[in-house]
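Q: Pasting a structure below so you can have a look.
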Amino acid sequence: TVDEVLIMRNMGSQSTWGVEFDFEGYVVDNLRVNGAYSFDHGEYADEMDGDPTAPWKPQDQIGGNQLKRMTKHKIALGGTYTLPTDIGDFAFNLRYYWQDEVFFDQYHSTAKYAPAYDRIDTRIWWNSPSYKWRIAVSLNNIQDSVNIQNVPEAGVDSPRHWFVGTPRTWGVEVAYRF
């Protein structure tokens, strides 16, 4: 076996800024829409990164690279249409989410990278007139897109692990409020 030593150190200077917008409201009776957008800019300002305890190892160029685990763009849009009836309210909800590419290390290596992805979720439900009963059916990640959520740090000889988001998932809910 090989003993590995993890050295924790600062990455030097960096520059970050961002902006977010969100909205929610009714565009017509019974149709509520919402959404959000975020832009995050973060980059390493120092040009080189290297191990100060091992000066014989080459320095890596990281200046201008996007900060690890920082997604530049994210978009979320959703809407819910509610149809009131004598036997209760029926509602239909549709949600869309898109996330830009992300790097899980400062070197922008393809082994620790997740491409942009999107997903669509939907939910249909009925509420009784008294709102004591609710029956719902949902389908998340309709297009069954694979999305990498994290690639943790690992030693040189350690196996690589990717944590992925949930696949297409169905759900059924029956609820009663006391």
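Q: How high is the FRET efficiency from residue 111 to residue 15, r the C-beta distance, R0 22 Å, rounded to 0.05?
A: 0.30
Q: How many nm is it between the label spots at residue 137 and residue 34, if each spot is 7 Å from the Cα in line with the beta carbon?
A: So the two model labels end up 2.4 nm from each other.
Q: Starting with the highest mean, order 117-126, 83-92 by the number of other Cβ atoms within 10 Å, averaged over the residues of each peptide. It would help to have the intermediate numbers written out before the result.
A: Numbers: 117-126: 16.2, 83-92: 12.8.
Order by mean packing, descending: 117-126, 83-92.
Each value in this text was obtained by applying a stated rule to the coordinates, not by laboratory testing. In this text, all values refer to a predicted model and were calculated from it rather than measured experimentally. Backbone-built Cβ (ideal geometry, glycine too); neighbour counts: all protein chains shown.
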